[in-house]
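Heads up, the thing below is written out as structure tokens.
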Amino acid sequence: MNHWSAASAARLATCDPRLVAVFDHVLQIVDCSILYGSRDEATQNQMFCDGKSTLRWPQSKHNQTPSRAIDAAPWPIDWQGRERLSLFAGIVLGVADAHGIRLRWGGDWDRDFTLTDNNFDDLVHFELME
């Protein structure tokens with residue numbers, strides 16, 4: 001049975017309880033890591049400067065308390081594995097839907113099931129839709 005590392009558990013604990021429920025269930029299906037939950041101002045702005053986010057502090061859902069966004073990936077992480085990250089996203093989105101929770105994934109921002117029409121891909125990003 002999969003379990004959270006101490007780092008992933010601490011990051012997950014900064015997230016909205018709905019995200020916690022989804023990812024606790026996802027972990028039972030596939031081993032994964034939580035890369036970010038809540039981000040402080042310095043981290044968010046560095047992510048923006050590095051081109052890993054399109055938003056500065058405090059505009060990201062990562063900057064809310066609790067975080068309304070989470071970055072997660074299947075373990076071991078393969079940053080070049082677009083297909084693997086897409087399959088993982090399908091699992092996450094399916095689990096969320098089964099819990100009655102609407103998520104948006106950074107590989108399909110407009111949720112049209114076309115994965116080639118994004119201006120910015122963030123394949124490890126999931127956020128609550130409200």
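Bear in mind these aren't lab numbers, they're just calculated from the coordinates by the rules spelled out. All values derive from a computational prediction rather than experimental measurement. A quick note on method: Cβ atoms are made from the backbone with ideal geometry, for glycine too, and the neighbour counts reach across all protein chains shown.
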(message) Going residue by residue through region 74-90, is there one that turns out to be within 18 Å of Arg18 (Cβ to Cβ) and in contact (Cβ under 8 Å) with a residue 40 or more places away in the chain?
(response) no
(message) So Phe126 passes all but one of these: (1) in a loop (DSSP other than H, G, I, E, B); (2) in contact with a helix residue (DSSP H, G or I) (Cβ under 8 Å, 6 or more places away or on another chain); (3) touching a residue at least 12 places away in the same chain (Cβ under 8 Å); (4) not β-branched (Val, Ile, Thr). Which condition number does it fail?
(response) (1)
(message) Please go through region 14-62 and give me each residue that is aliphatic (A, V, I, L, M), surrounded by 14 or more Cβ atoms within 10 Å (Cβ to Cβ) and over 14 Å from Val95 (Cα atoms), ordered by number.
(response) Ile34, Leu35, Met47, Leu55
